[in-house]
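*Asks:* Okay, here's the structure, questions in a sec.
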Amino acid sequence: MKFAHDIIRRPIISERSMETVFDKEGNEIKKYTFEVPVTANKVEIKKACEDIFGVKVAKVNTMHVMGKIKRMGRFQGRRASWKKAIVTLTKDSKSIEFFEM
C-alpha cells in the first residue's frame, strides 16, 4: 500500500517551474511541479495531491529525467534518473502554499 507522502517526494522550486505557477502579469496559472517515484502513475499522483494539499487536480503530466554522466578525474559515474510530475489544478481550486511568493 502506497501512502500519499511516499508518492509526492518534494516540490521542485526552480525558475522554470515557477514560470508555470504565475504568468508575466502575476496572475496564477496553477501548475505545480513535483518529484515522484519512477513507478508512480498519473492516477496515483492525482490522488496523492488531492489528499495532501486538499485541491482539485485537472490533469497530470509526467516525464522521465535521465541522470547526468559525471566525471571525477578518470572515473565516471551517473546520477540517478528520476520522474517529474507537472500537476495542473482546476480554476476553482485553492493554491498550494509551497509555491506562494
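*Asks:* Please check: in the Gaussian network model of the chain (C-alpha springs, under 10 Å), which one of Glu25, Glu35, Glu15 has the largest mean-square fluctuation.
*Replies:* Fluctuation is largest for Glu25.
*Asks:* Over all Cα pairs of region 45-85, how is the pair count split among 5 Å bins, expressed in % and running from 0 up to the last occupied bin?
*Replies:* 6, 18, 16, 15, 10, 11, 9, 7, 6, 3
*Asks:* Continuing with the same structure: Return the Rg/Rh value of region 1-54, two decimal places, where both radii are evaluated on C-alpha atoms and Rh is the Kirkwood radius.
*Replies:* Numbers: Rg = 12.6 Å, Rh = 12.2 Å.
With Rh from the inverse mean 1/r over Cα pairs, Rg/Rh is 1.03.
*Asks:* For the chain, what does the helix formula give at 222 nm: sum of -39500 (n - 2.57) over DSSP H segments with n ≥ 4, over the residue count, nearest 500 deg cm²/dmol?
*Replies:* Per the formula, -5000 deg cm²/dmol.
*Asks:* Of the listed peptides 41-53, 68-80, what is their order by residue-averaged count of other C-beta atoms within 10 Å, with the highest listed first?
*Replies:* Most protected by this proxy first, the peptides run 41-53, 68-80.
*Asks:* Average the reciprocal distances over every distinct pair of alpha-carbons in the chain, invert the result, and give the Kirkwood radius in Å.
*Replies:* Values: mean 1/r = 0.0679 Å⁻¹.
In the chain this quantity evaluates to 14.7 Å.
*Asks:* Moving on. Using the Cβ atoms and a cut-off under 9 Å, what net charge is assigned to the surroundings of Arg79, where Lys and Arg are +1 and Asp and Glu are -1?
*Replies:* Summing Lys and Arg as +1 and Asp and Glu as -1 gives +3.
*Asks:* Modelling each spin label as a point 7 Å along the Cα-to-Cβ direction, I'd like the Glu97/Asn41 distance in nm, to one decimal.
*Replies:* Here the modelled spin labels are 3.3 nm apart.
*Asks:* Can you tell me the 0 to 90 degree angle between the C-alpha axis of helix 42-53 and the longest principal axis of the chain, rounded to 10?
*Replies:* 60
*Asks:* OK, next. Could you give the nm distance between label points at Asn61 and Arg74, where each point is 7 Å from its Cα heading toward the beta carbon?
*Replies:* Spacing of the two 7 Å Cα→Cβ label points: 4.5 nm.
Readers should treat all values here as calculations from the given coordinates under stated rules, not as data from a laboratory. Since the structure is predicted, the reported quantities are computational estimates derived from the model, not experimental observations. In this analysis, Cβ positions are derived from the backbone assuming ideal geometry, glycine residues included, and neighbour counts consider all displayed protein chains.
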